[in-house]
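The values are calculated or read from the model by the stated rules, or taken from the named source; none is laboratory data. The shown structure was predicted, so the numbers you read here are calculated from the model rather than taken from an experiment. Every residue, glycine among them, receives a Cβ derived from its backbone with ideal geometry; neighbour counts consider all protein chains shown. The area values use the complete protein model at the heavy-atom level, side chains included, leaving out ligands, DNA and RNA. Shrake-Rupley method; radii C 1.70, N 1.55, O 1.52, S 1.80 Å.
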Amino acid sequence: MADLLRQGSTLTDLACPACSSPLFKLKSGDLWCAKCEKKVLVVKEGEEAARLTSTMALESIETTLLTKVQELQEKIKNTSNAEELQKLGATLSGLLENIEKIRKVKQA
Ligand SMILES: [Zn+2]
């Protein structure tokens, strides 16, 4: 611990999520737990929760859309009416576009 301080690291008021020891901030800006002897990544709780919630919302929308795609697929298979087929096709492509958008947002 003394070595860390001598190297220019500073003691922070953050605690290690694994062992609750106070964390050091290294000169590089990384947080270090002297007890676990490893870098610690601290994420602000609010940010993490918000990110998680929006990801979960997107997951559930995606699942719903995928279910609809399957339903449409069945209808397309069973119809021989050209007009209906066209309508179903348009709806399907709209759904796929939305799924694509959600996947892009999730990756961002
Ligand atoms: Zn620790």
Just the residues that are in contact (Cβ under 8 Å) with a residue 12 or more places away in the chain and surrounded by 14 or more Cβ atoms within 10 Å (Cβ to Cβ), please, taken from the range 13-29.
L14, C16, S21, L23, F24, K25, L26
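Residues are listed down the side, and each one gets a yes or a no for (1) of a type outside the set (A, V, I, L, M, F, W, C); (2) at pLDDT below 95; (3) open to solvent by less than 70 Å² (accessible area, probe 1.4 Å); (4) in contact with a strand residue (DSSP E or B) (Cβ under 7 Å, 6 or more places away or on another chain):
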{"residue": "C33", "(1), (2), (3), (4)": "no, yes, yes, yes"}
{"residue": "V43", "(1), (2), (3), (4)": "no, yes, no, no"}
{"residue": "E48", "(1), (2), (3), (4)": "yes, yes, yes, no"}
{"residue": "S54", "(1), (2), (3), (4)": "yes, yes, yes, no"}
{"residue": "V69", "(1), (2), (3), (4)": "no, no, yes, no"}
{"residue": "K75", "(1), (2), (3), (4)": "yes, no, no, no"}
{"residue": "Q86", "(1), (2), (3), (4)": "yes, no, no, no"}
{"residue": "A90", "(1), (2), (3), (4)": "no, no, yes, no"}
Is there a residue in the range 32-46 that is in a helix (DSSP H, G or I), away from the ligand (no atom under 16 Å from the Cβ) and under 30 Å from Q107 (Cα atoms)?
yes
Just checking, does the range 96-107 include any residue being open to solvent by less than 100 Å² (accessible area, probe 1.4 Å), aliphatic (A, V, I, L, M), part of a helix (DSSP H, G or I) and within 16 Å of the ligand (Cβ to nearest atom)?
no
Qualifying position, being in a helix (DSSP H, G or I) and within 16 Å of the ligand (Cβ to nearest atom), among L65, L4
L4
